[in-house]
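Computed from the coordinates by the stated procedures, all read-outs in this text should not be read as laboratory data. Please read all numbers here as calculations on a predicted model, not as lab measurements. Glycine also receives a Cβ, built like all others from the backbone with ideal geometry; neighbour counts cover every protein chain displayed.
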Amino acid sequence: MMAKRIPSILPELSFEEALEITKIHSVAGTLPKDVPLITTRPYRAPHHTVSGVSLVGGGRIPKPGEISLAHFGVLYLDELPEFNKATLEVLRGPLEDGNITISRVNASLTYPCNFMFVASMNPCPCGFYGSKDKECTCTPQAINRYIGKISGPLLDRIDIQIEVTPVKYQKLQSDDKIETSEQIKQRVDRARKIQIKRYENYGIYSNSELTPALIEKYCKLDNESKMILQNAFDKLGLSARAHGRILKVARTIADLEEKENIEPVHIAEAIQYRSLDKKYWKN
């Protein structure tokens, strides 16, 4: 439910982005006849039985796969461990590079795939491992086999990892006012404008596209923030890739609050989004 609503809070497509998306869907043969230009961000949610070719693209005449059809939008994989492990592993390169190259005997084609990857899963096959309300019926071997389908390198490429507890009935019936998608989108739009202005000389639009050199330039930390990150790096055994992604997330949190510099509270929040893998993927 949350994944389906992510496109509603993402920034509006630029004309250039809309053209790219339209071209991809035209090549794939999925462009509706009455839609000359796609103006909304794509949302793709393939079933867990999807093949590697359908996911990343290919075929005798290579066509774009789901990751390219989700370009500038959202690719959602529900029940992640139910997907074939080999199929999931092919996501590693595209998530890092933002494009996919498909080589055949007579041709080699490259399609863009700069998408937001969203996935969900249970902590075990029965779904109750770690629950305070219900007892898990899975054996340790079954749990390890289940979460073992998600490799460390793939998990390392997921910026934000959040454990969601079951919603209580009282919460569902609460009269508390909550933010609407429109209100959240206004904050997101303001943050995107900040980023577009900041990176106007680099040809990029968002913090997710920062190179190591630009991270060093625009994600500077004060001494307190450096100490927080160093402690987390040592205790959680974070990788160099995770280090860069934490800085990007912290930069985005600061932008959402319209802060010029990354503050200790921003770096601490970004680190919290990287601790889940150390709870379930300990080895």
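Here are some notes:
- Residue order, fewest to most beta carbons within 10 Å, for F83, F128: F128, F83
- Taking Cα centre as origin and charging only the Cβ of basic (Lys, Arg, +1) and acidic (Asp, Glu, -1) residues, the dipole magnitude of region 92-223 rounds to 140 debye.
- Of the trypsin sites (Lys or Arg not before Pro) found in region 55-140, those in coil by DSSP whose Cβ has at most 12 other Cβ atoms within 10 Å are R60, R104, K132, K134.
- For the chain, the share of DSSP beta bridges that are antiparallel, to the nearest 5, is 55%.
- Relative contact order of the chain, pairs being alpha-carbon contacts under 8 Å that are 6 or more residues apart, as %: 15 percent
- Sparse-neighbourhood loop sites, chymotrypsin sites (Phe, Trp or Tyr not before Pro) in region 177-207 - DSSP loop, at most 14 other Cβ within 10 angstrom: Y202
- In this structure, the amide hydrogen of G57, modeled 1.01 Å from its nitrogen in the peptide plane, lies closer than 5 angstrom to those of G65, E66, counting only residues at least 5 positions away or on a different chain.
- Gyration tensor verdict on region 137-240 (Cα atoms; rounded if a/c is under 1.5, prolate if a/b is larger than b/c, oblate otherwise): oblate
- Over 30 Å (Cα to Cα) - which of K149/K197; K185/K217; K168/K248; K4/K226; K168/K220 fall in this group: K149/K197; K168/K248; K4/K226; K168/K220
- For the chain, a simple Cβ point-charge model (Lys and Arg +1, Asp and Glu -1, everything else neutral) yields a dipole of about 560 debye relative to the Cα centre.
- J(HN,Hα) series, region 184-197, from Karplus relation 6.51 cos²θ - 1.76 cosθ + 1.60, nearest Hz, glycine and proline x: 5, 4, 4, 5, 4, 4, 5, 5, 5, 4, 4, 5, 4, 5
- Each helix, a run of at least 4 DSSP H residues, gives -39500 (n - 2.57); summed and divided by the residues of the chain, these come to -12000 deg cm²/dmol at 222 nm.
- Scanning residues 5 or more positions from I100 or on other chains, those with amide H under 5 Å from its amide H are Y111, C113, with H placed 1.01 Å from N in the peptide plane.
- In this simple spin-label model, placing a label point 7 Å from the Cα along the Cα-to-Cβ direction at both S275 and T165 gives a separation of 1.4 nm.
- For region 2-121, relative contact order (Cα pairs under 8 Å, six or more residues apart, normalised by length) works out to 25 percent.
- Separation of region 205-283 from region 115-159 is 24 Å, based on Cα centroids.
- In a reduced charge model with +1 at each Lys and Arg Cβ and -1 at each Asp and Glu Cβ, region 2-121 shows a dipole moment near 320 debye about its Cα centre.
- Placed amide H near V74: partners under 5 Å, 5+ positions off or other chain: Y43, R44, M116
- Per the Cα gyration tensor, the chain maps to an equivalent ellipsoid with semi-axes of 29, 27, 21 Å, ordered largest to smallest.
- Cα pair distances of region 118-188 binned at 5 Å [whole percent]: 3, 12, 15, 16, 18, 13, 11, 9, 3, 0
- Reduced Cα scattering model of region 1-113, Debye log10 I(q)/I(0), q = 0.10, 0.12, 0.20, 0.23 Å⁻¹: -0.29, -0.43, -1.16, -1.42
- Multiplying the residue separation of K226 and V265 by 0.36 nm and removing their Cα-Cα distance gives an extension gain of 12.9 nm.
- Residue-span extension gain [K217 to K185] - 0.36 nm each, minus C-alpha spacing: 8.8 nm
- Loop-resident trypsin sites (Lys or Arg not before Pro) (DSSP state other than H, G, I, E or B) in region 197-263 with no more than 16 further Cβ atoms inside 10 Å of their Cβ: K220, K259.
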